[in-house]
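The values are calculated or read from the model by the stated rules, or taken from the named source; none is laboratory data. What you are looking at is a predicted structure, and each value in this text was computed from that prediction instead of being measured. Cβ placement follows ideal geometry from the backbone for every residue including glycine, while neighbour counts extend to all protein chains displayed. We work out accessible area using only protein heavy atoms, side chains counted, and drop any ligands, DNA or RNA first. Shrake-Rupley method; radii C 1.70, N 1.55, O 1.52, S 1.80 Å.
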Amino acid sequence: RSPLGVTMLKSLSDSRLGSATPREAVTKKVRPSEGRIRVVVRKRPLSARELDEGRRDVLQITTAGGVPVVMVHEPKTKVDMTAYVETHAFRFDGTYGEASSNRAVYDGTAAPLINRLFAGETATCFAYGATGAGKTHTMLGSETEHGIYILAAISIFDRLAATPPPDADGAPPPLLRVSSYEIYGGKVFDLLNGRRVLPVREDAKKKVNVVGLTETICESIEHFRDLMIAAHDARQTAATMANGVSSRSHAVLQLSLCRPATGRPAGRMVGRAAALAAAAGDEPKAYDEVGRLSFIDLAGTERGAATLMCDDRERRAEGAEINKSLLALKECIRGLDAGRAHVPFRGSKLTEVLRDSFMGESHTVMIGAIGPSHDSVEQTLNTLRYASTVHDLSAPPPALDLRASLADFRPPTPCAPLSARPGP
């Protein structure tokens with residue numbers, strides 16, 4: 001068993017700031033927090049290596065008039081080599097500082113989606129951010145706390161256990177069905193069936209499906225943990241300039257509620273579900289899906305310069321493919337925002353899979369992961385701007401002027417001025 005497997009089987013329990021002057025005009029759009037798309041941002045703490053190297057925390061999580069705000073104090077240099085700090089402000093549906101636990105993030109993001117799942121609806125939670133910003137930690141967890149995957153599974157099994165038994169003529173109680181795949185290099189790989197390559201098709205109801213995907217009925221939280229570990233171990237990772245163990249693919253974990261179908265033959269069963277059925281002498285069963293909750297851990301974004309500086313040709317190709325797919329996702333978001341008749345969801349496998357997350361009666365939560373270090377401020381701003389674009393996916397809302405609310409705000413313990421750094 002992998003180190004992660006050993007970790008997940010353990011019993012788990014639940015700044016400094018740069019001085020800055022508010023910008024002349026800081027305005028952001030406001031939209032209701034109870035919309036189809038909810039966007040939150042999570043800031044990770046400075047790592048031990050960053051502290052040893054003297055990196056500065058340039059992020060401030062605060063509120064302005066009750067509105068969650070992320071302030072970025074970007075160090076810059078004028079033409080005459082004078083150092084100064086430019087402040088950017090972004091408004092989201094929720095913000096989580098470095099002291100926030102995975103449990104707090106789950107309660108404010110994915111937990112409400114469990115109700116959508118049991119109501120028979122489609123819901124999606126995906127994590128976005130630069131390489132090393134903490135996306136996989138939020139979703140998978142660590143030695144000291146559960147991640148969102150496990151917390152969601154615990155909530156689902158608790159709800160299933162509390163479901164009363166059916167009457168004689170009533171429908172059987174729902175079951176939890178789990179599947180997992182990754183999108184790597186423009187292809188879809190089944191993470192629970194030896195990384196088998198799978199096609200993506202659209203059915204007669206205009207619903208996107210991954211054909212031949214392994215779908216396993218999950219009997220317990222321990223069974224779910226085993227499936228999650230197997231999928232994580234099969235995922236494509238590699239060392240990059242920004243992260244020693246960087247996820248190089250978009251990983252999708254699907255949790256579906258389903259009931260045994262009546263009067264319809266079953267499809268082909270694979271994986272553990274087929275093995276259990278064969279051992280028990282049972283015939284394969286067909287299931288009707290009641291609701292679906294998808295978790296998507298997007299591959300970390302990278303600056304183009306960092307990708308080109310990498311000596312490994314395969315890493316450069318991966319970085320280019322990751323950025324291409326995320327750009328396609330952004331173009332789809334822009335198309336929806338502009339109300340275009342045609343939105344290019346076929347621009348990448350990622351947008352094909354995510355199409356149902358933005359269309360119809362779906363409900364989506366985006367978790368933007370950001371790093372606090374001053375030397376990664378460019379990537380942090382890119383993440384915040386991307387998340388802000390998703391946040392404003394609606395009809396043009398009224399503007400909120402943050403100048404008055406932020407005029408009196410000052411960092412509680414300002415650090416020494418940032419040293420000037422010459423440009424390239």
Among L192, L175, the single one that is at pLDDT 90 or above and under 20 Å from H232 (Cβ atoms) is L192
Just a yes or no: is a residue in segment 43-55 open to solvent by 10 Å² or more (accessible area, probe 1.4 Å) and part of a strand (DSSP E or B)?
no
Where the second residue is open to solvent by 10 Å² or more (accessible area, probe 1.4 Å) and assigned to a strand (DSSP E or B) and the first is more than 30 Å from S100 (Cα to Cα) and among the basic types (K, R) and lies in segment 351-371, which pairs have Cβ atoms under 8 Å and are six or more apart or on separate chains?
R355/V208
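Okay, residues lined up against (1) closer than 26 Å to G132 by Cβ; (2) surrounded by fewer than 18 Cβ atoms within 10 Å (Cβ to Cβ); (3) modelled with pLDDT under 55; (4) in contact with a Lys or Arg (Cβ under 9 Å, 6 or more places away or on another chain):
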| position | (1), (2), (3), (4) |
| --- | --- |
| V353 | yes, no, no, no |
| H363 | no, no, no, yes |
| M366 | yes, no, no, yes |
| P372 | yes, no, no, yes |
| Q379 | yes, no, no, yes |
| A387 | yes, no, no, no |
| P396 | no, yes, yes, yes |
Answer yes or no: is there a residue in segment 77-95 that is at pLDDT 90 or above and closer than 22 Å to H146 by Cα.
yes
By residue number, the members of segment 149-172 that are modelled with pLDDT of 90 or more and open to solvent by less than 50 Å² (accessible area, probe 1.4 Å) are Y149, I150, L151, A152, A153, S155, I156, F157, L160
In segment 75-120, which residues are polar (S, T, N, Q) and farther than 20 Å from I37 by Cα?
T77, T82, T87, S100, S101, N102
Step by step: first the residues of segment 204-218, then only those that are surrounded by 14 or more Cβ atoms within 10 Å (Cβ to Cβ) and not β-branched (V, I, T), then the one that is nearest to Q254 (Cα to Cα). Which residue is that?
E215
In segment 115-158, the residues that are over 12 Å from I367 (Cα atoms), outside any strand (DSSP E or B), touching a Gly at 6+ places or on another chain (Cβ under 9 Å) and of a type in the set (G, A, S)
A119, G120, G132, G147
Would you point out the residue of segment 75-123, among those that are open to solvent by 50 Å² or more (accessible area, probe 1.4 Å) and polar (S, T, N, Q), that is nearest to A153 (Cα to Cα)?
N115
Options A238, A251, A234: the member that is within 20 Å of the chain's Cα centre (by Cα), at pLDDT 85 or above, surrounded by fewer than 20 Cβ atoms within 10 Å (Cβ to Cβ) and under 30 Å from S376 (Cβ atoms):
A234
For segment 404-416, state whether one or more residues are modelled with pLDDT of 85 or more, more than 18 Å from E74 (Cα to Cα) and surrounded by 18 or more Cβ atoms within 10 Å (Cβ to Cβ).
no
Options R334, R268, R316: the member that is open to solvent by 10 Å² or more (accessible area, probe 1.4 Å) and at pLDDT below 70
R268
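Yes or no, residue by residue, for (1) part of a helix (DSSP H, G or I); (2) in contact with a Leu (Cβ under 8 Å, 6 or more places away or on another chain):
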position: A320; (1), (2): yes, no
position: N323; (1), (2): yes, no
position: G335; (1), (2): yes, no
position: R340; (1), (2): no, no
position: R346; (1), (2): yes, no
position: L354; (1), (2): yes, yes
position: I367; (1), (2): no, no
